[in-house]
Amino acid sequence: MKTRLPRKETRWRRWTRQAATTTKVVDMEEEGADGEGEKKVYVPGIEPLQPGEELEMDRSAYRMYHECQTGAPCLSFDILRDGDGDGREQFPLSMLVCAGTQADTALSNRLLVMRMHNLHGTEKEKEEESSDEESDDDEDDEDKKPQMELAMMPHYGGINRVRVTRRGEQSLAAVWSEKGQVEIFDLQPQLEAVHSAAAMATFVKQQKEATALFSFSGHMTEGFAVDWSPTVPGRLVSGDCKKNIHVWEPREGGTSWQIDQRPFSSHTKSVEDLQWSPTEATVFASCSVDQSIRIWDIRSPPNSMLSANEAHSSDINVISWNRSEPFILSGGDDGLLKVWDLRQFKTGRPVANFKQHSAPITSVEWSPVDSSVFAASGADDVVSQWDLSVESCDVGARVGGVKDLPPQLLFLHQGQSEIKEIHWHPQIPGVMISTALSGFNVFRTISV
């Protein structure tokens, strides 16, 4: 099915306070606008909206901004690497995304692959909009509209989390679903469909319920935590809501896995997230509702080798392992973001601690190209971007004389409701994708 990504309007009209505006945490000067009253930057949690105030998106704070919907909302997604090269920044851009829906009924769910392309930047659009000359070339404007191809496979049961990887020529998706199984799917038919009209026609004609290459029911309950190894192709780890973790070892042939029935089991409550070490092939990290972060070595089951107990004051929802530095980032129900130095992990004290979000943290991720930059999302409908390289003595932004924001805080992105997951694009510097009840945002801010 082919559909277009809707063009973003400059004013948020559908929501009130929760949608808010995008916030540039630099150069925060109030300005006036003739006939429109006073304009100023809105920062969530600092000052509530007053009666009669309206929130407006500041397009100048973005290098690119697009949004799209996929029907039922997607709780989780992952970005597929493509063959267009790394480090690309020239518009128009294209990208591949795999996502899973959380529909109203189990039969209505889909495992989908999206190809978003012809994604232009906001600066050119802004220049065109501000031009004194009337544009009479509607066809040229039509050519600049973003486009999306969507290949959907029916999947029985809501999808809790999706993670993708490449193993040889295979593009694989690991799917945790509400039916209590972890399944592996080969995405090749869907990838062919989003790149070819003929393949899409065949795909739609032959569409049937997704058939897994492999599935594992040994968890005996549902879960959310799953991660592919970045160092050993096909190696997987999965964790469930009962506290158990299983490691998957790929067998030759690419269609089956060996899973030890004896779980890793030092946690006492639900395992919420898992991350493989980017450098040590046998080491992974986990976080849990039991408020601990643990480090494991698969050569030494079934207990963890390191732990930070009471790492947060409540459930720890998400973690991210820095690709080039010995840092783990965590986010919890307490709304806190914490950075842990593995060289000091035994002390149980983080090296950095940020409280900007006013609700539980739902997703965290280090930038794939800058080891000091990370992003987070929260149940407060905000995506925040941070840079640890900014020192406290550096000039911070001051908002309305109320208080200083953390100098490491680069940007606050808003406009979605119930944000569940965020990812940096691994091949396009600075570009982020977020999924929420209200759909997907694809954007790059001026700060990263």
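The values are calculated or read from the model by the stated rules, or taken from the named source; none is laboratory data. Just so it is clear, the model here is predicted, and its values are computed rather than measured. Please note: Cβ atoms are built from the backbone with ideal geometry, for glycine as well, and neighbour counts cover all protein chains shown. Accessible surface is based on the protein model in full, side chains and every heavy atom, while ligands, DNA and RNA are left aside. Shrake-Rupley method; radii C 1.70, N 1.55, O 1.52, S 1.80 Å.
Taking the stretch 343-382 as the range and being more than 11 Å from residue 409 (Cα to Cα), part of a strand (DSSP E or B) and β-branched (Val, Ile, Thr) as the test, the residues that pass are 361, 362, 364, 382.
Pairs are defined by a Cβ separation below 6 Å, a sequence spacing of at least 6 or placement on different chains, a first member in the stretch 427-448 that is at negative phi, and a second member that is of a type in the set (Val, Ile, Thr) and open to solvent by 10 Å² or more (accessible area, probe 1.4 Å); the pairs so defined are 429/369.
Considering (1) modelled with pLDDT under 95; (2) over 19 Å from residue 441 (Cα atoms); (3) surrounded by 14 or more Cβ atoms within 10 Å (Cβ to Cβ), the lone condition that residue 158 does not fulfil carries the number (1).
Of the strands (runs of 3 or more DSSP E) contained entirely in the stretch 248-342, those carrying at least 2 residues that are of a type in the set (D, E, K, R) fall at 271-276, 293-297, 337-341. Would you mind stating whether residue 134 is outside any strand (DSSP E or B) and modelled with pLDDT under 95? Yes. Candidates 415, 396, 348, 401: the one that is closer than 27 Å to residue 306 by Cβ and modelled with pLDDT under 95 is 348. Looking only at the stretch 405-448, residues that are under 24 Å from residue 89 (Cβ atoms) and touching a Cys at 6+ places or on another chain (Cβ under 7 Å) come to 2 in all. Residue-level analysis places residue 193 among those that are touching a residue at least 40 places away in the same chain (Cβ under 8 Å), among the hydrophobic types (A, V, I, L, M, F, W, C) and not in a loop (DSSP other than H, G, I, E, B). Among the candidates 213, 236, the residue that is touching a residue at least 60 places away in the same chain (Cβ under 8 Å) and of a type outside the set (Ser, Thr, Tyr) is uniquely 236. Put simply, of 270, 177 the only residue that is open to solvent by less than 30 Å² (accessible area, probe 1.4 Å) and more than 24 Å from residue 301 (Cβ to Cβ) is 177. Looking only at residues in the stretch 222-254 that are modelled with pLDDT under 95 and out of contact with any strand residue (DSSP E or B) (no Cβ under 7 Å at 6 or more places or on another chain), which one is least open to solvent (accessible area, probe 1.4 Å)? Ranking the candidates gives 253 first.
Total residues in the stretch 273-290 satisfying the condition of being of a type in the set (Asp, Glu) and either open to solvent by 40 Å² or more (accessible area, probe 1.4 Å) or free of Cβ contacts under 8 Å to residues at least 24 places away in the same chain (or both): the figure is 1. Candidates are the residues of the stretch 207-225 that are among the hydrophobic types (A, V, I, L, M, F, W, C) and assigned to a strand (DSSP E or B); the one that is nearest to residue 167 (Cα to Cα) is 214. Take residue 204 and decide whether it is hydrophobic (A, V, I, L, M, F, W, C), under 24 Å from residue 321 (Cβ atoms) and in contact (Cβ under 8 Å) with a residue 60 or more places away in the chain. Answer is no for this residue.
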